[in-house]
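Trainee: Sharing a structure, written as structure tokens. Questions coming.
The values are calculated or read from the model by the stated rules, or taken from the named source; none is laboratory data. For clarity, every value in this text was computed on a predicted model and none was experimentally measured. Backbone-built Cβ (ideal geometry, glycine too); neighbour counts: all protein chains shown. Side chains are part of the model used for accessible areas, which takes the heavy atoms of the whole protein and leaves out ligands, DNA and RNA. Shrake-Rupley method; radii C 1.70, N 1.55, O 1.52, S 1.80 Å.
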Amino acid sequence: MTTVDEINQKIGRNDPCPCGSGKKYKKCCYSRNRQSKIKAIKANFGLLKTYFRTFNEKDLFSTLGALQIIPDNDCHAIRLAVAAQIACSITHFGNKDIDLPEFIEHLNKFLLTDSEIGLEEDPPEYLFTENIVFNNGNNVVYPSIYHEENDILEDIISLLNSYPDKFPTEFIDEVMPRILAILTLSNSIASKLYHTRYMDTVHDWTSKREDIEIPEIALYLQYKNAVIFQKKDLEPIISPIDDILRPFYLTRENCNFQRIRLIHISLYEPL
């Protein structure tokens, strides 16, 4: 059986596909070759969900949010997004506080680097932060694995600003404050963490695949606090806050949280 390391050494996922299609290997024959040559390790969503249930709800979500915007974890966006989705599928939580080293150890244990989830991860192809210009000026955003969504939002903003008379007034009044709200939240997080636009991250995957990074405790607490917002702090800048943010609220019972859905692989496993 061909090992993961052997295949990675032969063909990098960002290299041109050897079939001659002109596409990157990962967007062409990678999945087919992987399925035929590698028996991927199964990520254990069920055990991770059971583990997550023991924690205080606020502590769990702020920790997962913090880990996703730590630059050293930029290349682990897929596993961290899966972990967040699993957390969102939980309806009852415990009261245990998170011990960070133990928590990261369990993330890497249940979502292994060489599992079918981990194998979807790559060194970052895009910048860690980007910039979107809106009515309030420049806004730092985190594209993560959803880089195309930034482009879509910029196109929407451009259309609304360039051709306002082409859209119903009610539509403009609904959409523009919500764009402002999302950009304001993102920019606020970046400001708290001194993240500037167009930041880059560097990862060396030539010698090994990487585990999710354990940040220093002081850094972890700083990031954790940055993703927590008090309603009273938001009301002066996003008002009326409940009306504007309501379309972005999802309940834990929402069906989107009950199955893991990834872009590059067909993985539909009940939690």
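Trainee: Taking the stretch 218-241, which residues are open to solvent by 50 Å² or more (accessible area, probe 1.4 Å) and over 20 Å from L183 (Cβ atoms)?
Mentor: Correct list: A218, L219, L221, Q222, N225, K232.
Trainee: If H195 satisfies all but one of (1) in contact with a strand residue (DSSP E or B) (Cβ under 7 Å, 6 or more places away or on another chain); (2) modelled with pLDDT under 95; (3) not aliphatic (A, V, I, L, M), what's the number of the condition it fails?
Mentor: (2)
Trainee: While we're on this one: Could you pull out the residue among R252, R259 that is at pLDDT below 70, open to solvent by 50 Å² or more (accessible area, probe 1.4 Å) and in contact with a helix residue (DSSP H, G or I) (Cβ under 7 Å, 6 or more places away or on another chain)? If you could, list the steps in order and put the result at the bottom.
Mentor: Values: R259 fails: in contact with a helix residue (DSSP H, G or I) (Cβ under 7 Å, 6 or more places away or on another chain).
Going through R252, R259 in turn, the sole match is R252.
Trainee: Looking at (1) open to solvent by 20 Å² or more (accessible area, probe 1.4 Å); (2) in contact with a strand residue (DSSP E or B) (Cβ under 8 Å, 6 or more places away or on another chain), which is the only condition I179 fails?
Mentor: Only one criterion in (1) open to solvent by 20 Å² or more (accessible area, probe 1.4 Å); (2) in contact with a strand residue (DSSP E or B) (Cβ under 8 Å, 6 or more places away or on another chain) is unmet by I179, namely (1).
Trainee: If you scan the stretch 182-201, which residues turn out to be open to solvent by 60 Å² or more (accessible area, probe 1.4 Å) and either touching a Pro at 6+ places or on another chain (Cβ under 7 Å) or within 27 Å of P240 (Cβ to Cβ) (or both)? Don't jump to the end; show me each part of the working.
Mentor: Filtering the stretch 182-201 down to residues open to solvent by 60 Å² or more (accessible area, probe 1.4 Å) leaves 182, 191-192, 194, 196-198, 200.
Within the stretch 182-201, I182, S191, K192 qualify.
Trainee: Restricted to the stretch 59-104, and to residues that are among the charged types (D, E, K, R) and at pLDDT 95 or above, which residue is least open to solvent (accessible area, probe 1.4 Å)?
Mentor: If we filter the stretch 59-104 for residues that are among the charged types (D, E, K, R), which is where we start, we get 59, 72, 74, 79, 96-97, 99, 102.
Now restrict to residues that are at pLDDT 95 or above: 59, 96-97, 99, 102.
Details: D59: 19, K96: 82, D97: 110, D99: 81, E102: 57 Å².
Going through the qualifying residues, I end up with D59.
Okay, residues lined up against (1) among the basic types (K, R); (2) under 21 Å from F248 (Cβ atoms); (3) without any contact (Cβ under 8 Å) to a residue 40 or more places away in the chain:
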| position | (1), (2), (3) |
| --- | --- |
| S62 | no, yes, no |
| A66 | no, yes, no |
| D72 | no, no, no |
| R79 | yes, no, no |
| I98 | no, no, no |
| E121 | no, no, no |
| F134 | no, yes, no |
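Trainee: Within the stretch 149-156, is there a residue that is open to solvent by less than 90 Å² (accessible area, probe 1.4 Å) and at positive phi? Talk me through it step by step, then tell me what you get.
Mentor: First, pick out the residues of the stretch 149-156 that are open to solvent by less than 90 Å² (accessible area, probe 1.4 Å): 150-151, 153-154, 156.
Applying the additional criterion that residues be at positive phi yields none.
No; the residues of the stretch 149-156 include none that is open to solvent by less than 90 Å² (accessible area, probe 1.4 Å) and at positive phi.
Trainee: Looking at I237, I182, I228, I214 in this structure, which one is among the β-branched types (V, I, T), closer than 23 Å to D74 by Cβ and either under 16 Å from the mean Cα position of the chain (by Cα) or modelled with pLDDT under 85 (or both)? Before the answer, list the steps.
Mentor: Numbers: I237 fails: closer than 23 Å to D74 by Cβ; I228 fails: either under 16 Å from the mean Cα position of the chain (by Cα) or modelled with pLDDT under 85 (or both); I214 fails: either under 16 Å from the mean Cα position of the chain (by Cα) or modelled with pLDDT under 85 (or both).
Step by step, each of I237, I182, I228, I214 is checked, and only I182 is among the β-branched types (V, I, T), closer than 23 Å to D74 by Cβ and either under 16 Å from the mean Cα position of the chain (by Cα) or modelled with pLDDT under 85 (or both).
Trainee: Which of the residues spanning the stretch 127-162 are part of a loop (DSSP other than H, G, I, E, B) and among the polar types (S, T, N, Q)?
Mentor: Looking only at the stretch 127-162, we keep the residues that are part of a loop (DSSP other than H, G, I, E, B), and these are 127-129, 135-136, 142-146.
T129, N135, N136, S144 - these are the residues of the stretch 127-162 that are part of a loop (DSSP other than H, G, I, E, B) and among the polar types (S, T, N, Q).
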